[in-house]
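Presented below is the structure to which this report refers.
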Amino acid sequence: MDKKKKRLIIRGAILLILTAAIIFALTSKKETKVLAVGDKAPNFELLDMNGEKVKLSDYEGQGVFLNFWGTWCPPCKKEMPYIEKHAKEFTKKGVQVLSVNIGESEFKVNTFIDQYGLTFPVLIDKNKSVSRNSYNVVPLPTTMLIDENGVIKQIVTREMSEAEIVSLMESIQPE
């Protein structure tokens with residue numbers, strides 16, 4: 001009888017420990033901070049379509065129009081030609097466009113780039129670490145407007161008109 005009691009106590013303790021471990025694992029998920037206007041934009045490093053490393057910090061001192069998008073996203077398709085149309089003009093004024101595709105293949109992204117004649121840097125967030133973990137991007141398109149000090153000035157989580165894109169690019173021109 002003593003052996004049975006001992007086994008029962010040991011099994012109960014093991015079951016209790018396993019249950020506690022499962023509960024801990026389920027409840028201790030790391031919460032991603034939701035970014036807000038006024039926050040410092042998290043630095044990141046992604047590869048562009050030429051395999052070159054691009055860091056947000058490379059654009060310190062310039063405004064950054066950081067656009068998250070997907071090839072399958074109808075609003076992204078609508079606003080991308082407007083972004084392209086004004087990107088070169090605003091590059092001369094100290095505003096850089098960085099376009100981050102959310103986890104699609106290089107083939108799909110290159111096809112999209114060719115179709116829309118994009119000339120600004122296009123990056124692919126293959127494992128979605130930047131879009132999900134650093135920037136907590138939910139809807140597409142999402143655009144973060146970052147000033148020359150690396151501070152988020154505005155977050156747009158919808159399709160933008162051409163006039164709005166121009167106005168937003170103007171709003172982050174360095175002084």
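Derivation of every value follows stated rules applied to the coordinates shown; laboratory data play no part. Please read these numbers as outputs of a predicted model, since none were measured by experiment. Cβ placement follows ideal geometry from the backbone for every residue including glycine, while neighbour counts extend to all protein chains displayed.
What the table shows:
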read-out: Nearest-20 debye value, the chain charge dipole, Cβ charges on Lys, Arg, Asp, Glu; value: 1860 debye
read-out: Student exercise, the stretch 62-161 dipole from Lys, Arg, Asp, Glu Cβ charges, in Debye to nearest 20; value: 100 debye
read-out: Degrees, to the nearest 10: 162-171 long Cα axis against longest axis of the chain; value: 80 degrees
read-out: Three semi-axes of the equivalent ellipsoid, the stretch 118-175, Cα gyration tensor, whole Å, largest first; value: 21, 14, 12
read-out: Fraction of the pair-distance distribution of the chain above 19 Å, Cα-Cα pairs, percent; value: 61 percent
read-out: Where trypsin sites (Lys or Arg not before Pro) in DSSP loops with at most 16 other Cβ within 10 Å are excluded, longest remaining stretch of the chain; value: 34-91
read-out: Separation of the Thr119 and Asp58 label points, Cα + 7 Å toward Cβ, nm; value: 1.8 nm
read-out: Separation in nanometres of the label points that stand 7 Å from Cα toward Cβ, at Leu26 and Val151; value: 4.3 nm
read-out: Scaled radius of gyration (Cα, divided by 2.2 N^0.38 Å) that the stretch 13-117 gives; value: 1.55
read-out: Length gained when the stretch Lys40-Glu89 is fully extended (0.36 nm per residue, less Cα-Cα span); value: 15.1 nm
read-out: Net lengthening on full extension, Arg11/Glu106 (0.36 nm per residue, minus Cα-Cα); value: 29.0 nm
read-out: Cβ-based charge dipole, the stretch 1-84, positive-most Cα from Ile10, Ala21, Pro74; value: Ile10
read-out: Extreme residue, positive dipole direction of the chain, given options Ala87, Ser134, Leu145 (C-beta unit charges); value: Ser134
read-out: Debye intensity ratio in log₁₀ form over the Cα atoms of the stretch 58-115, taken at each q of 0.14, 0.22, 0.27 Å⁻¹; value: -0.42, -0.92, -1.15
read-out: Cα Rg over Rh - the stretch 32-93, Kirkwood; value: 0.98
read-out: For the chain, calculated [θ]222 nm from helices alone, where every DSSP H run of n ≥ 4 adds -39500 (n - 2.57); value: -12500 deg cm²/dmol
